[in-house]
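Right, one structure below, let's go through it.
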Amino acid sequence: MIYSIALDGPGGAGKSSIAKQVAKQKGIVYVDTGAMYRAIALYMLKNNIDIHDQPAVVRALSGVEISLEYRDGTQCVILNGEDVSTAIRENPVSMAASVTSAYKEVRAFLMDTQRNVAKTTSVIMDGRDIGTVVLPDAQVKIFLSADPVVRAKRRHKELLEKGQTVDFETVLSDIQQRDWQDINRTEAPLRQADDAVLLDTSDLDFEQSVKAVLDLIEEKVGE
Ligand code: DC
């Protein structure tokens, strides 16, 4: 049986690492929709498009082609033929993605690609509006949350491990700013779907979070 798992929540709640592990254990496809929004933001930055100028961003979309490829089970984001999976993780791209993903034309641009993957195979798709907009009929909907300070600590550690020097206060204030932008935008704001299960990972470690998601899948899908 083909089924979909919608995993939404704010940045740094652990969605992508949890989703990757769950996908591996269940043998299903992980779709990271944030990476697609990031690729669009990267294109705008690279081409010196003012990200705050919505009409300019929308015009520039005609030059954007995004696809997902899977290598050894890992999602790679391809922007106009180039694998940008690493470049999209830089902090300026995170901040820009939060701005450009608020534009309805940007969201419409990615919607079909996201829905199409889920038509042919079982997926765990993470994002902000998967349970509310992209896959409203998903069999399992989870809203993953965690205290902003806990999320900032995790993100800070991740960045240090990647060799990026950034102070904790900046990471925290960036997370708070992105939360604000994602929650308060008009188009597909970040919110928990009425039928989603809230999973707060503030006091859970990685293994416990993965187990909680696997338990929910078993309960809802019976697999
Ligand atoms: O999950 P992430 O940090 O990679 O997401 C990057 C940005 O894209 C974030 O600011 C929110 C936005 N986004 C979105 O609006 N809708 C999604 N389904 C996924 C991400």
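Ligands, DNA and RNA are left out, and with a 1.4 angstrom probe the accessible area of the chain is 48 Å² per residue. For the stretch 98-113, the Karplus equation 6.51 cos²θ - 1.76 cosθ + 1.60, evaluated at θ = phi - 60°, returns couplings of 5, 7, 6, 6, 7, 7, 5, 5, 5, 5, 5, 4, 9, 4, 4, 4 Hz by residue, with Gly and Pro reported as x.
Of all lysines in the structure, the ones whose alpha carbon falls short of 20 Å from that of Lys15, not counting any fewer than 8 places away in one chain, are Lys24, Lys26, Lys141, Lys153, Lys157, Lys162, Lys211, Lys220. Treating each Cα of the stretch 1-76 as an identical point scatterer and summing with the Debye formula, the log10 of I(q)/I(0) at q = 0.12, 0.18, 0.20, 0.27 Å⁻¹ comes to -0.46, -0.84, -0.93, -1.24.
For the chain, which whole-number percentage of the solvent-accessible area (1.4 Å probe, protein heavy atoms only) is attributable to carbon and sulfur atoms? The value for the chain is 50 percent carbon and sulfur by accessible area. Per DSSP H run of at least 4 residues, take -39500 (n - 2.57); add these up for the chain, divide by its residues and hand me the 222 nm value, nearest 500 deg cm²/dmol. Mean residue ellipticity, 222 nm, calculated: -15500 deg cm²/dmol. Normalised by the number of residues in the stretch 58-174, the mean separation of alpha-carbon contacts (under 8 Å, six or more apart) gives a relative contact order of 13 percent. Three principal axis extents describe the C-alpha atoms of the stretch 1-140; from largest down they are 44, 28, 27 Å.
Beta bridges assigned by DSSP with both partners in the chain are antiparallel in approximately 30 percent of cases.
The values are calculated or read from the model by the stated rules, or taken from the named source; none is laboratory data. This is a predicted model, so every value here is computed, not measured. Surface accessibility is based on the protein's heavy atoms, side chains included, excluding ligands, DNA and RNA. Shrake-Rupley method; radii C 1.70, N 1.55, O 1.52, S 1.80 Å.
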